[in-house]
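A short reminder: the numbers here are calculations on the coordinates, not readings from a lab. All figures in this text were calculated on a predicted structure; none of them were measured in a lab. Using ideal geometry, Cβ is built from the backbone for each residue, glycine included, and neighbour counts are taken over all protein chains shown.
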Amino acid sequence: MGRLPLFFLIAACLCTSGCSGCAEKSGIIPRPAEMEFMPGYFSSSNLECSGLGQSLRSYIAGHTALDWYFAEDGNIRFITSSEDAPYNTDEAYNLNISRDSIIVTAASDRGFFYAITTILQLMDNNGGKLPCAVISDRPSYPWRGLMIDVSRHFFSTDFIKKQIDAMAYLKLNRLHLHLTDAAGWRIEIDRYPELTSIAAWRTGREWKDWWFGDRKYLPEGTTGAYGGYYTKEELRDLVEYADARNITIVPEIEMPGHSEEVLAVYPELSCTGEPYRHGDFCVGKDEVYTFLTNVLDEVMEIFPSEYIHIGGDEAVKASWEKCPDCLDLMEKIGADNVNQLQSHFIHRIREYVESKGRIMIGWDEILQGGAPPSAVVMAWRSIDEGIKSANSGHMTIMAPGSHCYLNTYQDNPDLLPPAMGGYTPLSKVYAFNPAGGFPDTSSRAAGRILGIQGNVWAEYIPTEEILEMMIYPRLFAIAENGWNPDAEKYYPEFRERASTVCGNMREKGYNTFDIDCEYGERRESLTPVRHLGTDKDVIYNAPYSSAYPAAGEKALTDGLRGGWTYSDGRWQGFISKDRLDVTVDLGEITGISSVYACFMQVCGPEVFLPAETVISVSNDNITFKELKRIEKETVMDDRVRFENIGWEGADSARYVRYQARSGKYGGFVFTDEIVIM
């Protein structure tokens, strides 16, 4: 779009009265690459600017249209120059603000647009005044993204436009829409009408009620049906809206897994042809490829994005192992296992996407069995998966769940709406550098990092207000780490900027988390506990999970209590048949007055409080005396629960045995310490 009139409009709105004695306040997110403030503020008496500042902010937020104003002033200039623009990128800009002039230099409209967002942030942070400054700025990464899951819960186009406005304000440039998943198909496909007339609607508004219930789909219009979908016209309008703000919308169509909704209405695309039985497409059937390429054709007609996301994560693959069509295909291509069969599927889809002039993106599971070299990998399972992807030659987008998942708790779970679990505070997101895991950030492998993306999965996010609270301010850190990750990290300074921008966004109608009232980490985790069992040997009568070892065989007597999440490296997980069964050797017969352990429950990831706990003691590690047996009914709910379960009394022993078993739901048992007093 042509933006020159907008530049003059911005120039008009910037004239301000003198403000001698006011201290400038940056508050800019993302932090510019180079920035220096000088005394004073820009002012001009030659321009009429009454009301234009607010009109401009309304325009940038997408709330109102503007009449185009034209103003001429030799002291306010926008100069297009590739030679003078910094860093030779079309998103870079130079901004020089003095008391009597504003000069913006950029190579393209994108650079001017980002200069404008910087100007707007400076005005927002200084009461509408513009402090004198010299800024030379550019992004470190071309991909700075946000993913919104609209399958688990459906969000309106007006709401998505509101988030696009915020993304533009933060200089983010990719909006990834997770359009399809088991919980609902959200995009109109003319060739397959039942995807939206049935597969877009389900029983139960809350995802958890549906997922842990009957998991059925309903015809559109059925009483009580929850769901929705975007028409092609709505999506084209959304694409245009985003493009005007320098944001590309990247569509995701899940395959071969996470496709229960498709296979419920088109069961012939599954391995058995039976509805409500499978979540994976049958990769051995040619009609599956016909279906998917037909869908992709219509998707690519709507979205001009260079990149098309095909999912590729968490395919179960169990049905493939017994499917005659899949077994025939494995023999034909010489595959030894189902991972190689998935690789064949990914290669075939990639060929089709590239035949249309696009680039395929997949979650990091597409590496299983071997991914096509040209495929872009979005690393979510771990930072190591991203490093592995880049080292193997793939362009890679860093989105590790440990730092970039915005659907986890960002503070004390008792103070927040229910979430999937986990604990990812603003400080942890801010600490992440997309290429920081490479020994040499200037290496060829590190150079394959395209950028960073924050992902917000909506299983436990049923409303727009909660979604915004989950996103902001953590998305600020994503924006900063995509634009300027190599700046010297100082979290207190960033937190202050985040607080300022949160205030600005609340004034614009966003429901941000109140970072100024942050509770912080679980208090028990902040101070080591000393007790009779500290540093004593632990005998594991049943093994701990290799996925959650914590500190290994010393984890339960190292004095370190766990935080808000079981994945913090302090909680030890047990999922064997016998669950937790350990014996602490005190070294000698010792008087004891209490034994307890703390357990966590987060039902979403199947982490439960024990249904039965047994505490026993022995002097010879052969004959044990039971001190206490505690039985509890497992209650399914949305809350993160912590409970100390133990015994109090008077006894003596050398060996203390602690057993804890989960109930009818199975799953994990997690504890952080066996405390013996």
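Electrostatic tally near I622: other residues with Cβ closer than 12 Å to its Cβ, Lys and Arg +1, Asp and Glu -1, net +2. The translational diffusion coefficient of the stretch 393-476, from Stokes-Einstein at 10 °C and 1.306 mPa s with a Kirkwood hydrodynamic radius over alpha carbon pairs, comes to 115 µm²/s. Per-residue ellipticity at 222 nm from helix content only, as computed over the chain with -39500 (n - 2.57) for each DSSP H run of at least four residues, stands at -7500 deg cm²/dmol. Positive-end ranking of I189, H403, L627 along the dipole of the chain, with charges on Cβ about the Cα centre, is headed by L627. Overall size of the stretch 566-677 from C-alpha positions, given as principal axis extents largest first: 42, 27, 24 Å. Over the chain, what is the mean sequence separation of C-alpha contacts under 8 Å (at least six apart), divided by residue count, expressed as relative contact order in percent? It rounds to 10 percent for the chain.
A Cβ-based charge dipole, computed about the Cα centre of the stretch 631-675 with Lys and Arg at +1 and Asp and Glu at -1, lands at about 220 debye.
The trypsin sites (Lys or Arg not before Pro) found in the stretch 282-384 that occupy coil by DSSP, while having at most 13 further C-beta atoms within 10 Å, are K356. Taking amide H as placed 1.01 Å from N in the peptide plane, the amide H of I247 sits under 5 Å from none that are at least 5 places away or on another chain.
Using only the Cα atoms of the chain, build the gyration tensor, take square roots of its eigenvalues as a ≥ b ≥ c, and label the shape rounded, prolate or oblate: rounded if a/c is under 1.5, else prolate if a/b is larger than b/c, else oblate. Judged from the Cα gyration tensor, the chain comes out oblate (a/c at least 1.5, b/c at or above a/b). The stretch between E306 and E626 holds 108.6 nm of extra length on full extension. This uses 0.36 nm per residue minus the Cα-Cα distance.
For I592, the amide hydrogen comes within under 5 Å of the amide hydrogens of D651, S652, A653, counting only partners 5 or more places away or on other chains and with H modelled in the peptide plane. When only alpha carbons are used to place a centre, the stretch 501-553 and the stretch 357-436 end up 20 Å from one another. In the chain, the DSSP beta bridges split such that about 60 percent are antiparallel, to the nearest 5. Averaging Cα coordinates gives a centre for the stretch 594-644 and one for the stretch 128-197; these two points are 43 Å apart. The packing ranking of peptides 179-190, 214-225, 652-663, 489-500, highest mean first, is 179-190, 652-663, 489-500, 214-225, where packing means the average number of other beta carbon atoms within 10 angstrom of each residue.
Taking a Cβ cut-off of under 14 Å around T293, the surrounding Lys, Arg, Asp and Glu residues balance to a net charge of -1, with basic ones at +1 and acidic ones at -1. In a reduced charge model with +1 at each Lys and Arg Cβ and -1 at each Asp and Glu Cβ, the chain shows a dipole moment near 860 debye about its Cα centre.
With the convex hull constructed from alpha-carbon coordinates only, the stretch 637-677 shows a mean projected area of 4.3 nm² over all directions. Translational diffusion coefficient of the stretch 249-293 (Stokes-Einstein, Kirkwood radius from Cα pairs, 37 °C, 0.692 mPa s): 313 µm²/s.
Report the one residue of T89, L532, A487 whose Cα lies farthest in the direction of the positive end of the charge dipole of the chain (charges on C-beta: Lys and Arg +1, Asp and Glu -1; origin at the Cα centre). Positive-end residue among those listed: L532. Local charge for G573 was computed over the other residues whose Cβ lies under 15 Å away, with Lys and Arg +1 and Asp and Glu -1, and equals -3.
Between D384 and D637, the simple label model (points 7 Å from Cα in the Cβ direction) yields a spacing of 3.6 nm. From the P(r) of the stretch 259-346, could you give the percentage of C-alpha pairs in the tail past 18 Å? Cα-Cα pairs in the stretch 259-346 separated by more than 18 Å: 45 percent.
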